[in-house]
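Nothing in this text is a laboratory measurement; each read-out follows from the coordinates by a stated rule. Keep in mind that what you see is a predicted model, and the values were worked out from it rather than measured. For neighbour counting, all protein chains shown are included, and Cβ atoms are generated from backbone atoms with ideal geometry for every residue, glycine included.
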Amino acid sequence: MNLLIRLMIVLTTALFRKPLGLLDESVLSFRVWPNDLDIYGHMNNGRYLTVMDLGRIDLIFRMGLTRIAGKSRWHPLVASSLMRYKRSLPLFGHYKLHTRIVCWNDKWFFIEQKFKVHGHNIAVGLVKGLFYGPKGKVPPTEVVASFGQLIPSPLMPDAIRLWLESESQMTDVSKNT
């Protein structure tokens, strides 16, 4: 129920917040509630991924992509994510989630999501995703063109390039054992 309430708050407040451009950053504020905790008393590692969904929803909504995607019958899909946890978030701890599109290639969008407390990174996630429509995978260039602008992708950071290379080697780890 807590996540449904958070979703409603994110969607409602997005209506009144300024629109975002393709390369702008969404920033949302949250608090750690009792049902976010694991047995050790800090935010559960799986909850970070769920809260990241809310950050991407806010970003897509405020960019105007929900309207474009709805008309085109596109649906956002996450293909993979990579997380780095640096510190824990305690009960009732306040944090901000920063979400932005870092770059894209011919198939994927790459999104960075940072959990911050007082400007310090608590956890950092990278998400690889795309839009899927009636005709299959929608190339990022088509999604970007739907904004009415020809915006080239920013350069892909080395960290994302290395992540892609390591993913291609992980198709079936058990084959090597």
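Residues considered: Lys96, Lys107, Lys135. Largest GNM mean-square fluctuation over the chain, using C-alpha springs under 10 Å, is found at Lys135.
For segment 87-99, 3J(HN,Hα) computed residue by residue from phi via the Karplus equation (6.51, -1.76, 1.60; θ = phi - 60°) reads 9, 9, 10, x, 3, 6, x, 9, 8, 10, 10, 9, 10 Hz, glycine and proline entered as x. Take the Cα of Met156, step 7 Å along the line toward its Cβ, and report every residue of segment 119-135 whose backbone nitrogen sits under 18 Å from that point. Within reach of a label on Met156: 126-131. For the chain, a Gaussian network of Cα nodes joined below 10 Å ranks Trp74, Trp104, Trp163 by mean-square fluctuation, and the top entry is Trp163.
In the chain, the DSSP-assigned H stretches of four residues or longer account for a calculated mean residue ellipticity at 222 nm of -10000 deg cm²/dmol, using -39500 (n - 2.57) per stretch and the full residue count as denominator. Proximity of backbone amide H atoms, modeled 1.01 Å from N, is registered between Leu89 and Met43 at under 5 Å, excluding neighbours fewer than 5 places apart on the same chain. Each of Phe16 and Arg67 was given a label point 7 Å from its Cα along the Cα-to-Cβ line. The distance between the two points is 2.0 nm.
Within the same chain, lysines fewer than 8 places from Lys96 are excluded, and of the rest, those with a Cα less than 28 Å from its Cα are Lys18, Lys86, Lys114, Lys116, Lys128. With the convex hull of its Cα atoms as the shape, segment 1-82 has an orientation-averaged projected area of 6.5 nm².
Between the amide H of Tyr132 and those of His75, Leu77, Val138, distances stay under 5 Å, these residues lying 5 or more places away or on another chain, with hydrogens modeled in the peptide plane.
Each label point was placed 7 Å from the Cα along the Cα-to-Cβ direction; for Phe147 and His94 their separation is 3.1 nm.
Toward the positive end of the charge dipole of the chain, about the Cα centre and with charges on Cβ (Lys, Arg +1; Asp, Glu -1), which of Ser166, His42, Leu155 goes farthest? In the chain, that residue is His42. Once you reduce segment 51-89 and segment 104-144 to the center of their Cα atoms, the two points are 7 Å from each other. Neighbour counts of C-beta atoms inside 10 Å place Asp106, Asp36 in the sequence Asp106, Asp36, starting with the fewest. In order along segment 116-132, the Karplus-derived 3J(HN,Hα) couplings, from 6.51 cos²θ - 1.76 cosθ + 1.60 at θ = phi - 60°, round to 10, 10, 6, x, 9, 5, 9, 8, 10, x, 10, 10, 10, x, 8, 10, 10 Hz, and Gly and Pro are given as x. Under the criterion of Cα pairs below 8 Å and six or more residues apart, the relative contact order for the chain equals 21 percent.
Between the beta carbons of Asp38 and His120, assuming R0 = 22 Å, the FRET efficiency works out to 0.55 to the nearest 0.05. In terms of overall dimensions, segment 95-149 has a Cα radius of gyration and Dmax of 14.1, 44 angstrom. Consider all pairwise Cα distances in segment 41-177 and report the whole-number % of them above 26 Å. Everything past 26 Å amounts to 31 percent.
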